[in-house]
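**Q** Have a look at the structure that comes next, please.
The values are calculated or read from the model by the stated rules, or taken from the named source; none is laboratory data. Note that the structure is predicted; figures quoted are calculated from it, not measured. Please note: Cβ atoms are built from the backbone with ideal geometry, for glycine as well, and neighbour counts cover all protein chains shown. What goes into the accessible areas is simple: the full protein's heavy atoms, side chains included, and nothing from ligands, DNA or RNA. Shrake-Rupley method; radii C 1.70, N 1.55, O 1.52, S 1.80 Å.
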Amino acid sequence: MREKAVQAFRSLGPPAIPPLRDLLKDADPGVRQAALRALSVIIPVQKEVVLIVVEALHGNDPAAQQAAAAAWAGLKGKVGRDVILAFAGDLKHDNVDVRRKAAEALGELHPVEKDVLQALAAALQDQKEAVRRQAADAIGAIGPEAGETVPVLTQALRDPDTATRQKVARAVGQVGAKAKEAVPMLALALKDADAGVRQEAATALGMIGEAAKSTVPDLVLMLKDPDAKVRRMAAAALGMIGSLAKDATPTLVQLLQDREPSVREKAADALGRIGQAGQDVVAALVQALADKDGTVRVSAASAMGRLGPAAQDAIPALEQALKDGDAGVRQEAARTIGKIGAAAEKSFPVLVQALKDSDANTREAAAKALGTIALVTTVPKDVIQAIVQLLQDVDVEIKRSGIRALGEIGPKAADAIPALREILKDADPNLRRAAGVALSRIEPGGGGGEG
């Protein structure tokens with residue numbers, strides 16, 4: 001009966017808000033969810049409804065959170081400017097809880113109106129930490145379009161409250177490249193007594209990107225920070241700055257020996273993004289391919305893929321990685337061999353073998369690698385024949401991987417045309433379709449369809 005009552009409330013409009021709000025205290029989670037759904041269809045959207053749904057989004061009731069998330073997806077686009085401006089006005093309310101909730105609501109609405117952004121910037125100087133923190137969250141949620149708040153955000157990096165400084169640094173990062181004027185203050189924040197602030201400052205510098213190149217020496221120092229999360233984010237930031245952070249390469253190589261796997265993972269990724277492919281870098285990444293942690297091995301293989309042909313000395317290690325117990329490592333090793341290109345032509349046999357891998361993504365990566373290498377080198381006939389043999393396999397997925405590989409190789413797989421035409425007669429429509437696609441790539445215009 002309560003659920004039926006909720007349905008009836010939907011047609012009553014704003015007067016239904018108080019009783020529906022009371023139903024959010026009902027012991028039955030289904031009733032609470034129904035009440036939130038009913039609130040979300042009341043038109044025009046009321047400020048109080050926005051507050052109720054946003055509070056449920058951030059509450060501790062899983063049932064209400066789920067319903068609020070679904071309701072908010074359709075509700076936020078219907079919130080009128082009058083409601084948004086009302087929240088902006090509430091940022092100056094005498095009641096601290098009203099100010100905090102207004103900032104929280106604006107954080108979910110992502111307004112870009114100049115006067116609202118100015119109100120949020122002013123809230124960064126509120127006398128209450130809870131309001132300042134929520135205002136920083138709201139600005140961060142708006143992202144690059146909140147660029148005009150950067151001067152005030154920059155000053156707020158000196159906030160006496162540690163949690164506020166963390167949130168402000170995060171907001172600066174979310175604004176991104178438009179926050180470049182905050183770079184000097186972020187460099188100072190890297191020396192903050194609080195590890196959380198240092199971590200957020202490093203992350204922000206990375207998100208600002210190339211415009212933060214002046215802080216590379218500061219970030220290199222952070223690679224030796226006692227806190228692992230700070231080291232990790234400093235490495236990530238250097239990677240996001242890219243080639244302009246090349247001076248960090250020697251320290252990042254050393255960081256591949258860090259005691260924390262997450263730090264080693266980001267160090268490897270950063271080396272790939274920076275792109276300095278010296279012998280010491282490639283050798284260090286090869287060593288990281290044998291790391292005891294799977295995510296580090298994946299990151300090392302991916303980094304070598306970013307280095308491309310310059311990582312050719314790593315081919316033997318990458319071929320070995322195609323036998324790794326972690327499917328993610330095998331996938332990345334196959335992709336990287338393909339990216340190395342012509343120098344990896346001797347890897348054809350191991351890639352053909354990888355077409356039989358138990359993991360579908362690894363088979364696909366191997367097929368694409370074969371095609372990529374085939375673009376820049378000659379494909380031996382015995383390689384094509386080895387792939388054609390896969391078309392006779394009893395495992396449909398292995399058969400499909402062979403078909404895909406021949407299609408990726410393209411015209412250089414012409415010797416496989418008769419075998420692929422036979423597949424066009426197969427009882428499996430998916431295999432017929434795959435063979436048709438492969439034939440169309442091998443002999444463009446040759447009528448490789450199913451027929």
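**Q** Can you confirm whether region 230-247 contains a residue that is open to solvent by 10 Å² or more (accessible area, probe 1.4 Å), farther than 21 Å from Gly173 by Cβ and not in a helix (DSSP H, G or I)?
**A** no
**Q** Something else: Just checking, which of Ala119, Ala86, Ala63, Ala68 is assigned to a helix (DSSP H, G or I) and over 30 Å from Asp26 (Cα atoms)?
**A** Values: Ala86 fails: over 30 Å from Asp26 (Cα atoms); Ala63 fails: over 30 Å from Asp26 (Cα atoms); Ala68 fails: over 30 Å from Asp26 (Cα atoms).
Going through Ala119, Ala86, Ala63, Ala68 in turn, the sole match is Ala119.
**Q** In region 384-407, what residues are closer than 15 Å to Ser347 by Cβ and crowded, with 22+ Cβ neighbours inside 10 Å?
**A** Across region 384-407, the qualifying residues are Ile387, Ala405.
**Q** In this structure, does Gln276 turn out to be over 23 Å from Glu345 (Cα atoms), of a type outside the set (A, V, I, L, M, F, W, C), free of Cβ contacts under 8 Å to residues at least 40 places away in the same chain and not in a helix (DSSP H, G or I)?
**A** Against the criterion (over 23 Å from Glu345 (Cα atoms), of a type outside the set (A, V, I, L, M, F, W, C), free of Cβ contacts under 8 Å to residues at least 40 places away in the same chain and not in a helix (DSSP H, G or I)), Gln276 qualifies.
**Q** Taking region 185-197, which residues are among the small types (Gly, Ala, Ser) and surrounded by fewer than 23 Cβ atoms within 10 Å (Cβ to Cβ)?
**A** Ala187, Ala193, Ala195, Gly196
**Q** Check Ile442, Ile387, Ile409 and return the single one that is over 28 Å from Val298 (Cα atoms) and in contact with a Gly (Cβ under 8 Å, 6 or more places away or on another chain).
**A** Criteria check complete, one pass: Ile442.
**Q** Yes or no: Gly410 under 38 Å from the mean Cα position of the chain (by Cα), on the phi > 0 side of the Ramachandran plot and not aromatic (Phe, Trp, Tyr)?
**A** yes
**Q** Now, a different point. Being under 24 Å from Ala435 (Cβ atoms) and either hydroxyl-bearing (Ser, Thr, Tyr) or surrounded by fewer than 22 Cβ atoms within 10 Å (Cβ to Cβ) (or both), is that true of even one residue in region 327-337? It would help to see each step written out before you state the result.
**A** Going residue by residue through region 327-337, those that are under 24 Å from Ala435 (Cβ atoms) are 334.
Narrowing further to those that are either hydroxyl-bearing (Ser, Thr, Tyr) or surrounded by fewer than 22 Cβ atoms within 10 Å (Cβ to Cβ) (or both): none.
No, the conditions are met nowhere in region 327-337.
**Q** When you check Ala310 against the structure, is it at pLDDT 95 or above and either under 26 Å from Lys399 (Cβ atoms) or crowded, with 19+ Cβ neighbours inside 10 Å (or both), yes or no?
**A** no
**Q** Do we have any residue at all in region 127-139 that's among the polar types (S, T, N, Q), part of a loop (DSSP other than H, G, I, E, B), open to solvent by 40 Å² or more (accessible area, probe 1.4 Å) and farther than 12 Å from Val175 by Cβ? Talk me through it step by step, then tell me what you get.
**A** Within region 127-139, the subset among the polar types (S, T, N, Q) is 127, 134.
Next cut, part of a loop (DSSP other than H, G, I, E, B) only: 127.
Within this subset, residues satisfying the condition of being open to solvent by 40 Å² or more (accessible area, probe 1.4 Å) are 127.
Still in the list and also farther than 12 Å from Val175 by Cβ: 127.
Yes, because at least one residue in region 127-139 is among the polar types (S, T, N, Q), part of a loop (DSSP other than H, G, I, E, B), open to solvent by 40 Å² or more (accessible area, probe 1.4 Å) and farther than 12 Å from Val175 by Cβ.
**Q** Next up: Only one of Gly143, Gly147 is within 22 Å of Ala211 (Cβ to Cβ), part of a helix (DSSP H, G or I), at pLDDT 95 or above and open to solvent by 10 Å² or more (accessible area, probe 1.4 Å); which?
**A** So the residue among Gly143, Gly147 that is within 22 Å of Ala211 (Cβ to Cβ), part of a helix (DSSP H, G or I), at pLDDT 95 or above and open to solvent by 10 Å² or more (accessible area, probe 1.4 Å) is Gly147.
**Q** Condition (residue is open to solvent by 60 Å² or more (accessible area, probe 1.4 Å), part of a helix (DSSP H, G or I) and modelled with pLDDT of 90 or more) applied to region 36-48: is it met by at least one residue?
**A** Within region 36-48, one or more residues are open to solvent by 60 Å² or more (accessible area, probe 1.4 Å), part of a helix (DSSP H, G or I) and modelled with pLDDT of 90 or more.
**Q** Picking from Ala212, Ala182, Ala204, Ala169, which residue would you name as being crowded, with 24+ Cβ neighbours inside 10 Å and under 20 Å from Pro250 (Cα atoms)?
**A** Details: Ala182 fails: under 20 Å from Pro250 (Cα atoms); Ala204 fails: under 20 Å from Pro250 (Cα atoms); Ala169 fails: under 20 Å from Pro250 (Cα atoms).
Going through Ala212, Ala182, Ala204, Ala169 in turn, the sole match is Ala212.
**Q** For region 429-438, enumerate the residues that are in contact (Cβ under 8 Å) with a residue 24 or more places away in the chain and open to solvent by less than 40 Å² (accessible area, probe 1.4 Å).
**A** Leu431, Ala434, Ala435, Ala438
**Q** Within region 67-111, how many residues are in contact (Cβ under 8 Å) with a residue 40 or more places away in the chain, over 13 Å from Ala123 (Cα atoms) and surrounded by 23 or more Cβ atoms within 10 Å (Cβ to Cβ)?
**A** The qualifying residues number 1.
**Q** On the basis of being not in a helix (DSSP H, G or I) and not aromatic (Phe, Trp, Tyr), does Val98 make the cut?
**A** No.
**Q** I've got another one for you. Would you mention how many residues in region 151-166 are more than 21 Å from Ala195 (Cα to Cα) and either touching a residue at least 60 places away in the same chain (Cβ under 8 Å) or buried (at least 19 other Cβ atoms within 10 Å of the Cβ) (or both)?
**A** Summing the residues that are more than 21 Å from Ala195 (Cα to Cα) and either touching a residue at least 60 places away in the same chain (Cβ under 8 Å) or buried (at least 19 other Cβ atoms within 10 Å of the Cβ) (or both) in region 151-166 gives 1.
**Q** Hey, another quick one. Taking Val298 as the residue in question, decide whether it is hydrophobic (A, V, I, L, M, F, W, C) and open to solvent by 10 Å² or more (accessible area, probe 1.4 Å). Reasoning before the result, please.
**A** Working: hydrophobic (A, V, I, L, M, F, W, C): yes; open to solvent by 10 Å² or more (accessible area, probe 1.4 Å): yes.
Judged against the criteria, Val298 is a match.
**Q** Any idea which of (1) among the β-branched types (Val, Ile, Thr); (2) surrounded by fewer than 15 Cβ atoms within 10 Å (Cβ to Cβ); (3) in contact with a Gly (Cβ under 7 Å, 6 or more places away or on another chain) is the one Thr378 doesn't satisfy?
**A** (3)
**Q** Which residues, taken from region 83-100, are more than 20 Å from Asp115 (Cβ to Cβ) and either out of contact with any helix residue (DSSP H, G or I) (no Cβ under 7 Å at 6 or more places or on another chain) or aromatic (Phe, Trp, Tyr) (or both)?
**A** Passing the criteria: Asp94, Asn95, Asp97.
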